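Everything on this sheet refers to the single structure shown next.
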Amino acid sequence: SILQVIARSGPMGVTEIAVAVGVHKSTAFRLLGTLEARGFVRQSQERGDYRLGQGVVQLAAGATQHHDINVVAPEVTRRLAETVGETVNVAIHDGTAVISIDQHIGPAAVSSINWVGRRGPLHATAAGKLFLAFPDADGTPAVPDELVRFSEHTLVDHEELAQDLVRVRARGWSVSLEEQEPGLIAVGAPVRDFAGTAVAAVVVSGLAYRLTRDIVENVATHTVAAADEISHRNGQPKRG
């Protein structure tokens, strides 16, 4: 309880901690002594208040080993591929591009490109649009100055792309309608970390004759649900 209080409120004195936790001041002092001896808290020499120590970082490192996207995603994305019958990829952003790190092929997919390890453009892919619509706190990644055309459907006008990103933010998922490759439609949803930052994207892709525009919204519902489940496994608190 003490660690949670300090993590939530920042540096605090013994009296503040005792009140917040609901224990006597002497009890709080004794518990803090034990935590300090283990490196979980440290006391400021200037003010005498307590803050989290490096021991907490070690615990967090051990916990996050089980929250790596490559560990928590495959079970969910495999199930998604079976449900929608299409290819499902998990992608991350890498500088000015996106790169696929995992892939599962659904039973209805006649054929599929192996996207694992391949890089794609930010503005023309479902994954890339997610990262542009939900950038990091420092604004990374940013919309490229030059929007390269990959097909006749690629959005190469900055205003049109900006409007599309507004729609992505409003509905919580993205779509690439033959914008990267002719005949290929993809739907994406963001995977978020504990702080709510989009750290990966779950993308369902298929040929346009099968993954038609009429069923995109239904596929998006399943994709968002899968991305949310991975986010929760990755440490993102559940809504409500």
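The values are calculated or read from the model by the stated rules, or taken from the named source; none is laboratory data. What you see is a predicted model, and the numbers here were worked out from it, not measured in a lab. As a convention, Cβ positions derive from the backbone with ideal geometry for all residues, glycine included, and neighbour counts pool all protein chains shown. Ligands, DNA and RNA are stripped out before the accessible areas are found, and what is left, the full protein with its side chains, is counted by its heavy atoms. Shrake-Rupley method; radii C 1.70, N 1.55, O 1.52, S 1.80 Å.
Can you confirm whether region 167-182 contains a residue that is outside any loop (DSSP other than H, G, I, E, B), touching a residue at least 60 places away in the same chain (Cβ under 8 Å), of a type outside the set (A, V, I, L, M, F, W, C) and touching a Phe, Trp or Tyr at 6+ places or on another chain (Cβ under 8 Å)?
no
Return yes when His123 is over 15 Å from Val203 (Cα atoms) and either in a loop (DSSP other than H, G, I, E, B) or at pLDDT 90 or above (or both) and no when it is not.
no
Which of the numbered conditions does Thr197 fail, given that it passes all the others? Conditions: (1) farther than 30 Å from Arg8 by Cβ; (2) of a type in the set (Val, Ile, Thr); (3) out of contact with any strand residue (DSSP E or B) (no Cβ under 7 Å at 6 or more places or on another chain).
In the conditions (1) farther than 30 Å from Arg8 by Cβ; (2) of a type in the set (Val, Ile, Thr); (3) out of contact with any strand residue (DSSP E or B) (no Cβ under 7 Å at 6 or more places or on another chain), Thr197 misses (1) alone.
Look through Val71, Val21 and report the one residue that is open to solvent by 80 Å² or more (accessible area, probe 1.4 Å) and either out of contact with any Asp or Glu (no Cβ under 9 Å at 6 or more places or on another chain) or under 30 Å from Ser100 (Cβ atoms) (or both).
Working: Val21 fails: open to solvent by 80 Å² or more (accessible area, probe 1.4 Å).
Residue meeting the stated conditions: Val71.
Test each condition in (1) touching a residue at least 60 places away in the same chain (Cβ under 8 Å); (2) open to solvent by 40 Å² or more (accessible area, probe 1.4 Å) for Gly120 and report the one that comes out false.
Gly120 satisfies all of (1) touching a residue at least 60 places away in the same chain (Cβ under 8 Å); (2) open to solvent by 40 Å² or more (accessible area, probe 1.4 Å) except (2).
Sort out which residues of region 194-223 are open to solvent by 40 Å² or more (accessible area, probe 1.4 Å) and either outside any loop (DSSP other than H, G, I, E, B) or under 18 Å from Asn89 (Cα atoms) (or both), and write them in order of number.
Hits for region 194-223 are Val199, Leu207, Arg210, Glu217, Asn218, Thr221, His222.
So which of Gly188, Gly172 ends up being closer than 24 Å to Ala208 by Cβ, under 14 Å from the mean Cα position of the chain (by Cα), open to solvent by less than 20 Å² (accessible area, probe 1.4 Å) and at pLDDT 90 or above?
Result: Gly188 is the single residue among Gly188, Gly172 that is closer than 24 Å to Ala208 by Cβ, under 14 Å from the mean Cα position of the chain (by Cα), open to solvent by less than 20 Å² (accessible area, probe 1.4 Å) and at pLDDT 90 or above.
Taking only pairs six or more apart or across chains, which ones have beta-carbon atoms under 6 Å, a first residue in region 133-157 that is farther than 30 Å from Ala195 by Cα, and a second residue that is open to solvent by 70 Å² or more (accessible area, probe 1.4 Å)?
Ser151/Pro182; Val156/Arg149
In region 1-18, which residue that is open to solvent by 70 Å² or more (accessible area, probe 1.4 Å) and either in contact with an Asp or Glu (Cβ under 9 Å, 6 or more places away or on another chain) or polar (S, T, N, Q) (or both) is farthest from Leu52 (Cα to Cα)?
Only one residue fits best here, namely Thr15.
If you go through region 132-169 one residue at a time, how many are surrounded by 16 or more Cβ atoms within 10 Å (Cβ to Cβ) and of a type in the set (Ser, Thr, Tyr)?
Selection size over region 132-169: 1.
Pick out the one residue from Gly196, Gly235 that is at pLDDT below 90, touching an Asp or Glu at 6+ places or on another chain (Cβ under 7 Å) and not basic (Lys, Arg). Walk me through it before giving the result.
Details: Gly196 fails: touching an Asp or Glu at 6+ places or on another chain (Cβ under 7 Å).
Only one candidate qualifies: Gly235.
Against the definition (modelled with pLDDT of 90 or more, assigned to a strand (DSSP E or B) and hydroxyl-bearing (Ser, Thr, Tyr)), how does Ser151 come out, yes or no?
Judged against the criteria, Ser151 is not a match.
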